[in-house]
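The values are calculated or read from the model by the stated rules, or taken from the named source; none is laboratory data. Everything numeric in this text was worked out from a predicted model, so none of it was measured. Note that we place each Cβ from the backbone using ideal geometry, even for glycine, and neighbour counts take in every protein chain shown. For the accessible areas, the whole protein counts, side chains as well, though only heavy atoms, and no ligand, DNA or RNA atoms are used. Shrake-Rupley method; radii C 1.70, N 1.55, O 1.52, S 1.80 Å.
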Amino acid sequence: MKKQNPGKKPPKEPKSRKKPRFEDRVRGILVAAAVICAAVFGIGGFFAVRSVFFNSSVPSADEIFGTKPAQELAVTEPPETLSETSSGLDILPELEQAIRDLETASAGMADSDAPAASPSIPPDPAAVPGVQPPAIRRGVLVLVIDDAGNNLQNLDPFLQFPGPITIAVLPGLNNSAETARRIRAAEKELFLHQPMEPLNGQDSGPTSIKTGMSPAEIRDIFVKNLNEIGPVTGFNNHEGSRATSDPSIMRALLEISRASGLCFLDSRTTAETTAPQIAKELGISIAERDIFLDNEQDRESILAALEAGCKRAEQNGMAVLIGHVWTPHLAAILTEMYPQLTRQGFVFASVSTILNRGK
């Protein structure tokens, strides 16, 4: 039998673990929940403060005070019209009143005694941006440039003219067809400048209409010239003092004009022209030259002729002014005067525009 050592203590029994009371467990849960809530609110407060002080987009008064949901402030596309029904935005009272004032002013202008623009002749825009068109139209100016077809260099400045202009091309010249093509490409009005027999007895060439020709001969020459220059919107006479004085010649030509729908401009190279009377008998409208711009080709004379044309337009409602492509500085003078005349109330139009109004 094994003896026990009296000097050695026997091992202690392990103590049993005391179970926590119910109240202690509840208290622990509450403390943990309080800690978690404090952490959550602390983080939320941090980000709220950060959004105010560090975000580039400052919240609007509507967002802060809750007067408008924030998502309504995000407009992806601007409204087409600034009206209360089409836009999701509130208009400030000052801006709303300004818009109403503008609408009232516009309505007042529409109801004013100022004459409205003719529906047949579109308003001619001012060449200078920002210039207010005049309320009163003083007259219509029709610019016609004759004798094109010989020199392309002389043509280019007239193609740059900022307003409507009619350019008449002579047939049978080296550059006739190319000149016509460039005029159409520049969207200027193109006329056939039909040669006709003058009074001086000089030979006016194979493209000319002469006294003594039959209606069939006149038609053949005219169609041949049209095939070279056309399509055109009309024609006028080159020289032709003898031919335009002949009623049979003018009747044949104006019957072609009526049948084809082409405009005719009488250059009025003679006071004995029969074109107006024949046109009246045939029941058609023609245009007639009022002023030659370049009988004298210096600047002062051209400006004086232009002023005379403006006075004629004021008196009669319109004036047809004829110049020539070979006149030095004519294109530059017309281009220079265009903005000033437009501001003064003169409207520029082509020959076909004034003849087709009312149709």
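Mind ordering 195-204, 210-219 by average Cβ neighbours within 10 Å, highest first?
195-204, 210-219
Under a 5 Å amide H to amide H cut-off, with H placed in plane at 1.01 Å, what residues pair with E189 once short-range neighbours are removed?
For E189, whose amide H was placed from the backbone, the distant partners under 5 Å are I165, I167.
Below 12 angstrom from the Cβ of L334, what's the summed charge of the other residues (Lys, Arg +1; Asp, Glu -1)?
Residues close to L334 contribute a combined charge of -1.
Under the Karplus relation 6.51 cos²θ - 1.76 cosθ + 1.60, θ = phi - 60°, what is the ordered set of whole-Hz ³J(HN,Hα) values for the range 238-253, x standing for Gly and Pro?
Listing the rounded values in order: 9, 6, x, 4, 6, 5, 5, 7, 9, x, 5, 5, 5, 5, 4, 5 Hz.
If DNA, RNA and ligands are ignored and the probe is 1.4 Å, what is the ranking of K311, K280, K188 by accessible area, most exposed first? Present the calculation step by step, with values, prior to reporting the outcome.
Working: K311 110, K280 160, K188 30 Å².
Solvent-accessible surface, decreasing: K280, K311, K188.
When only DSSP loop residues count, what GluC sites (Glu not before Pro) in the range 279-359 have their Cβ near at most 10 other Cβ atoms within 10 Å?
Here no GluC sites (Glu not before Pro) fit, given the DSSP loop and packing criteria.
Give a residue-ordered list of calculated ³J(HN,Hα) values for the range 305-313 (Karplus: 6.51 cos²θ - 1.76 cosθ + 1.60, θ = phi - 60°; whole Hz; x for Gly, Pro).
For the range 305-313, the Karplus curve yields 5, 5, 5, 5, x, 5, 5, 5, 5 Hz.
Tally Lys/Arg at +1 and Asp/Glu at -1 over every other residue whose Cβ is under 13 Å from the Cβ of G212; what's the total?
Neighbour charge sum, excluding G212 itself: -1.
Please list, in chain and number order, the residues 5+ apart from S245 or on another chain whose amide H is under 5 Å from its amide H, with Hs placed from the backbone.
Under 5 Å from the amide H of S245 lie the amide H atoms of T274, each far enough along the sequence or on another chain.
Taking a probe of 1.4 angstrom, what is the accessible area of R181 in Å², to the nearest 10?
120
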